[in-house]
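The values are calculated or read from the model by the stated rules, or taken from the named source; none is laboratory data. Computed from a predicted structure; not experimentally measured. Counting neighbours? That spans all protein chains shown, and the Cβs are built from the backbone with ideal geometry, glycine included. What goes into the accessible areas is simple: the full protein's heavy atoms, side chains included, and nothing from ligands, DNA or RNA. Shrake-Rupley method; radii C 1.70, N 1.55, O 1.52, S 1.80 Å.
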Amino acid sequence: MEIFEKIGDTIVSAGKDVTEKAKELSSVAKLKMDIRAKEDFVEKQYALIGKKYYEAHKDDDILDYEECNVIEEALSAISDMKTQLMNLKGAKKCPNCGAEVAEDASFCASCGTKLDDFFED
Ligand SMILES: [Zn+2]
């Protein structure tokens, strides 16, 4: 009888170990997730600071950071690609506000400009 009690105790304590290990693991996983989330948050703040800096200094004659030039080039490339994309989709740009308008639209949904005057077929 005693041997079964001992086996029982061993199983119970092993079970406890497993539970503790699972708790530890989930604490580790949670901490890793929390750290990752905070790191992402900090990265976003860096990006925000960078964006503010760029907006404030993009027109300066001499830029402190080469990255500002690279950003300007990239933004220009993005703008070109967006125009290409709109052409592929058969959409046009409102000549007044720049909003994307359907090719057959008579008015700009954004500013209300009459488009027929601009786009003659
Ligand atoms: Zn418009």
Tell me whether segment 82-96 contains one or more residues that are at pLDDT 90 or above and either among the acidic types (Asp, Glu) or within 30 Å of residue 49 (Cα to Cα) (or both). no
Looking at segment 76-101, which of the residues that are open to solvent by 80 Å² or more (accessible area, probe 1.4 Å) and polar (S, T, N, Q) is farthest from the ligand (Cβ to nearest atom)? 84
Criterion (within 16 Å of the ligand (Cβ to nearest atom), at pLDDT below 90, surrounded by fewer than 10 Cβ atoms within 10 Å (Cβ to Cβ) and over 20 Å from the mean Cα position of the chain (by Cα)) met by exactly one of 104, 64, 117, 121: 117
